[in-house]
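The values are calculated or read from the model by the stated rules, or taken from the named source; none is laboratory data. What you see is a predicted model; the values in this text were computed from it and never measured. Here Cβ is always computed from backbone atoms with ideal geometry, including for glycine, and neighbour counts include all displayed protein chains. Note: accessible area is taken over every heavy atom of the protein model, side chains too, but ligands, DNA and RNA are not part of it. Shrake-Rupley method; radii C 1.70, N 1.55, O 1.52, S 1.80 Å.
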Amino acid sequence: MKVNVLPNIEFLNECFHYIDETGELFWNARPLAHFKSFRDQCVFNDRFENKPAGYLSSDGYRRVHVLKRMVLVHRIAYFMKHGEQPQMVDHIDGNRSNNRMENLRSATHSENNLNAPARSYNKSGIKGVYFHKDTGKWQAQVNHNGKHKYLGLFKSISEAEAVAISFRSTVHGEFANHGRR
């Protein structure tokens, strides 16, 4: 997966300041004179100083324009705080607009997907649990190493859920998300 490279950290620090406690990114005053070449490319000026940067998009992420590109605020915040640009930045609690540093962690694409809730088409509402029509039982399965791992058929939905949670905790570690939708 291609990682969108952010502008250098010096430029980001000139443009923004990040409040760790709230997870908000705010505009600074115009960059200093040595960033004059960027002025026409940035979408801010003195009237935006100390105002929240960007907007909340329909998919739940905060986004901001930087150098004529749309950038996710949580990527900027993570980069400004840690000085590195990971492949992905994962929201631990699954809330895409919660950009507090304690809620952000470096992740691979696969790890980020592990932290997703049950899919909207999952009729049971429980991640990894499906009704098996032929047997009239509940099937538990978990994705592991890119494949569906069959965990068995169970008489009750709660048994299937418990097995799925146990296995997911073991193989997904800190990225295990047992969330119901």
Candidates (i) 0.95; (ii) 1.13; (iii) 0.98; which is the computed Rg/Rh (Cα atoms, Kirkwood Rh)? (ii)
Rounded to the nearest 0.05, FRET efficiency between Thr170 and Tyr130 (Cβ-Cβ, R0 25 Å) equals 0.80
Solvent-accessible area of Lys147 with every protein chain in place, 1.4 Å probe, in Å² to the nearest 10: 140
Spatially proximal aspartates and glutamates relative to Lys133 (Cα-Cα < 18 Å; intrachain offsets below 8 disregarded): Glu159, Glu161
Solvent-accessible surface (1.4 angstrom probe) belonging to Arg69, in square angstrom, nearest 10: 100
Nearest 10 degrees, 0 to 90: helix 157-172 Cα axis against the chain principal axis: 50
Which pairs in the list Lys68/Lys147; Lys123/Lys149; Lys123/Lys147 are over 28 Å apart, alpha-carbon to alpha-carbon? Lys68/Lys147
By how many nm would the segment from Lys149 to Asn50 grow when fully extended, if each residue of separation counts as 0.36 nm and the alpha-carbon distance is taken off? 30.6 nm
Got a sec? What order do Glu174, Glu111 fall in by accessible area at 1.4 Å, biggest, i.e. largest, first? Glu174, Glu111
Which value results for Rg/Rh of segment 108-154 when Rg is the Cα radius of gyration and Rh the Kirkwood radius based on the inverse mean 1/r? 1.01
Quick calc: nm separation of the 7 Å Cα→Cβ label points for Gln87 and Arg69 -> 1.9
Nearest-0.05 FRET efficiency for Ala116 and Asn13 at R0 = 35 Å, using Cβ-Cβ distance, is 0.60
Distance between modelled label sites at His109 and Asp59, nm, 7 Å Cα→Cβ extension: 1.4
